[in-house]
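Worksheet: one structure, shown below.
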Amino acid sequence: MEKYFDNKIYKTYPKLGCGTCPLGGITLMGKQNIGMGPQSLNLSKKCLIHAYDKGIRFYDTADIYGNGKVEKLLGKVFSKKKILVSAQNLETGSKVTKLFLIPLLIILLIL
């Protein structure tokens, strides 16, 4: 897999990543479903493991993907593996943001 070297922080990253929006299943903004529809937790785990096995180490997520389900899932699946996570905060001040964004930033600092 091709890599990208960041001269500013002297780290190498893969050029290919995994978007995790569909893994969250139903996402509600108020009463409106803005997500991708139902998705089984088992199938989401298998998708992440398959991507990792194929060399993917960069995962993009946001607090609204499955209303926080994806961030929890990333933590469970990759608790003992080194990955790079890009996390957007789309629901400012939400419980989801407070519970998951800070631990994700800590993980990024450890890498």
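The numbers here are math on the coordinates, done by the rules we state, and not lab data. Note that the coordinates shown come from a computational prediction; the quantities given were computed from them, not determined experimentally. All Cβ positions, even for glycine, are placed from backbone atoms using ideal geometry, and neighbour counts span all protein chains on display.
Listed values, structure above:
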{"read-out": "Residue in region 39-62 that is touching a residue at least 40 places away in the same chain (Cβ under 8 Å), in a helix (DSSP H, G or I) and closer than 26 Å to Lys15 by Cβ present", "value": "no"}
{"read-out": "Residue within region 21-35 that is among the aliphatic types (A, V, I, L, M), closer than 23 Å to Asn89 by Cβ, in contact (Cβ under 8 Å) with a residue 24 or more places away in the chain and assigned to a strand (DSSP E or B) present", "value": "yes"}
{"read-out": "Residues of region 20-40 that turn out to be in contact with a Gly (Cβ under 8 Å, 6 or more places away or on another chain) and surrounded by 12 or more Cβ atoms within 10 Å (Cβ to Cβ), as a count", "value": "10"}
{"read-out": "Among (1) within 19 Å of Asn89 (Cα to Cα); (2) in a strand (DSSP E or B) - the single one Tyr4 does not satisfy", "value": "(1)"}
{"read-out": "Any hit, region 34-51, residues being in contact with a Lys or Arg (Cβ under 6 Å, 6 or more places away or on another chain) and within 20 Å of Lys82 (Cβ to Cβ)", "value": "no"}
